[in-house]
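J.: Pasting a structure below so you can have a look.
Nothing in this text is a laboratory measurement; each read-out follows from the coordinates by a stated rule. Source: prediction; values computed, not measured. So basically every Cβ, Gly included, is an ideal-geometry build from the backbone, and we count neighbours across all protein chains shown.
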Amino acid sequence: MNKKRKSYSRNANAGRTGFKFSKGLIITVLAAAGIDSLLGYAGIHSLIPVNGTVPVFAAPRNSFIKATHSQQTGYYFLSQSAGGVKGSRGGSASVNPVYYLKKGSLESVHLINEDYETHSKHNFNIDQFKVHTKDLGYFESQTITFIADKVGTFEYYCTIHPEMRGTVTVEG
Ligand SMILES: [Cu+2]
């Protein structure tokens with residue numbers, strides 16, 4: 001394992017303007033540094049996003065997504081909003097939701113297969129951010145953390161079911 005410690009990176013905020021560089025982030029950085037000294041390198045390593053090379057010390061924004069099936073809709077993704085997921089306004093669940101992200105934000109996608117009707121496998125991908133889950137069986141889950149480091153509208157999809165797709169829009 002690479003012992004070389006890299007100091008904290010501002011990559012996650014590279015696209016942000018100054019006013020977004022809030023006290024909250026700095027406090028988060030200090031807190032993460034404290035946790036790091038307790039947990040050691042493994043604790044840090046887990047904060048490296050899939051499309052990054054250095055650890056990022058910030059709390060990710062969480063998006064919870066179910067992969068499921070119903071007779072009427074077929075296969076689909078369902079957002080599990082706890083209020084933090086834009087694109088499913090009002091905290092309700094939505095089918096193949098549209099996600100709106102801010103450039104530079106650290107995002108954790110939590111996918112769970114809850115396809116109790118067909119027990120098919122499912123996966124979740126966003127090519128541009130190197131997000132690729134495994135093929136998850138019924139009730140398996142996986143979390144992937146990435147940085148929304150490109151502006152534009154990108155597709156997320158399941159390779160097994162072409163109808164399971166939606167978009168992620170990253171705004172600068
Ligand atoms: Cu699928």
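J.: Say we look at the stretch 111-134 and pick out the residues that are part of a loop (DSSP other than H, G, I, E, B) and near the ligand (Cβ under 9 Å from one of its atoms); which of these is nearest to the chain's Cα centre (by Cα)?
T.: Checking each candidate, the answer is 124.
J.: Looking at this structure, is residue 163 over 24 Å from residue 59 (Cβ atoms), charged (D, E, K, R) and either outside any strand (DSSP E or B) or away from the ligand (no atom under 12 Å from the Cβ) (or both)?
T.: yes
J.: I've got another one for you. Collect the residues in the stretch 137-160 that are within 13 Å of the ligand (Cβ to nearest atom), crowded, with 18+ Cβ neighbours inside 10 Å and in a loop (DSSP other than H, G, I, E, B), keeping them in residue-number order.
T.: Matches in the stretch 137-160: 158 only.
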